[in-house]
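What follows is a set of notes on a single structure, which appears directly below.
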Amino acid sequence: MKSDEALALKALEKDRLFEMVLQHVPFDGWGSKSLQAAAADLGMTPITARRLFPQGQESLLAWLGDWLDRQAARRLADENLERQRIRQRIARLVAVRLEVLARHKEAMRRAVAAGALPRNLYATSRRIWAGADDMWRMAGDQGTSRELDYWTRRGLLSAVWVSTFLFWLEDRSEGDAETRAFLDRRIDNVMTVARLKGRVESMVRGLPGLRVFLREPPAGGYRS
């Protein structure tokens, strides 16, 4: 079996176990208890479960971000985002993630509590950033970290995602209508900031030497 096929099968196995873990998290939290209960439901041995998620809570929370990215991408596979304005794309990309998580609100509340633990804070911030990067790339932004607005765009979207996600966790409106309205307001705020930022960047780009700093290195790298 080729290595990529083995990795694909392992990912499928992890997804199957993870999705069962989600059913237990509201009662048993993000840890070994939920992991072992999910394994038992699937007829999987505890050793196999531990092999798939060797660090228990940390491994499960890490997989949550990866799983969410892929589930959102699948839901969007038949949607033509390219025909939408950038504001609409971002709104849809955030909304579809909440749609994926709609059946798991209590598990997500537990995820927030677990992710806020001191030992998990760094990994949590990395997952938020990675999610924002994934959304921007799906929206058509293929920028690199050497570009002036790369960090700002992802930082702003990270803030939109976190604030909307936390609002959604407490939303009791029908069909999460209040969350959709909240998301629209947040994106309006971000677009205003982006317009102001664009004016500042147009001035900053004219500074002597900045173009050299932002320029991508040649294919062979810079010579020393």
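Apply the a/c threshold of 1.5 to the C-alpha gyration tensor of the range 38-182 and tell me whether it is rounded, prolate or oblate. Please list the in-between numbers first.
Working: a/c = 1.68, a/b = 1.44, b/c = 1.16.
Verdict is prolate for the range 38-182.
By how many nm would the segment from ALA116 to THR45 lengthen if fully extended, with 0.36 nm per residue of separation less the alpha-carbon distance?
Numbers: separation 71, 0.36 × 71 = 25.56 nm, distance 3.02 nm.
So the chain would gain 22.5 nm between ALA116 and THR45.
Using r as the Cβ-Cβ distance of THR152 and SER32, and R0 as 41 Å, what FRET efficiency do you calculate, to the nearest 0.05?
Details: r = 40 Å, r/R0 = 0.97.
Taking R0 as 41 Å, the efficiency between THR152 and SER32 is 0.55.
List the trypsin sites (Lys or Arg not before Pro) within the range 69-136 that fall in a DSSP loop (any state other than H, G, I, E or B) and whose Cβ has at most 15 other Cβ atoms within 10 Å. Let's see the in-between values first.
Details: sites: ARG70, ARG74, ARG75, ARG83, ARG85, ARG87, ARG89, ARG92, ARG97, ARG103, LYS105, ARG109, ARG110, ARG119, ARG126, ARG127; in loops: ARG85.
Filter output for the range 69-136: ARG85.
Given a Förster distance of 35 angstrom, what is the FRET efficiency for ARG87 paired with ALA123, based on the Cβ-Cβ distance and rounded to 0.05? Can you show the working numbers first?
Values: r = 30 Å, r/R0 = 0.87.
That pair, ARG87 with ALA123, gives E of 0.70.
Using a simple charge model, +1 on the beta-carbon of Lys and Arg, -1 on the beta-carbon of Asp and Glu, nothing else, what dipole does the range 1-158 show about its Cα centre, in debye to the nearest 20?
Working: 27 positive and 20 negative charges, 64 e Å.
Here the size comes out at about 300 debye.
Would you mind computing Rg(Cα) / (2.2 N^0.38 Å) for the range 1-116, counting N as its residues?
Compared with the compact-globule rule of thumb, the range 1-116 sits at 1.19.
Dipole of the range 1-115 (Lys/Arg Cβ +1, Asp/Glu Cβ -1, origin at the Cα centre): which of PHE53, TRP63, ALA38 lies farthest to the positive side?
After comparing all options, I get TRP63.
Measuring from label point to label point, each 7 Å out along Cα→Cβ, what is the GLU13 to GLU106 span in nm?
3.0
Report the Cα-based extents of the range 119-191 along its three principal axes, largest first, to the nearest Å.
For the range 119-191, the Cα spread along each principal axis is 43, 34, 19 Å.
Where a number appears in this text, it was derived from the coordinates with a stated rule and is not lab data. None of the values given here were measured: they were computed from a predicted structure. Here Cβ is always computed from backbone atoms with ideal geometry, including for glycine, and neighbour counts include all displayed protein chains.
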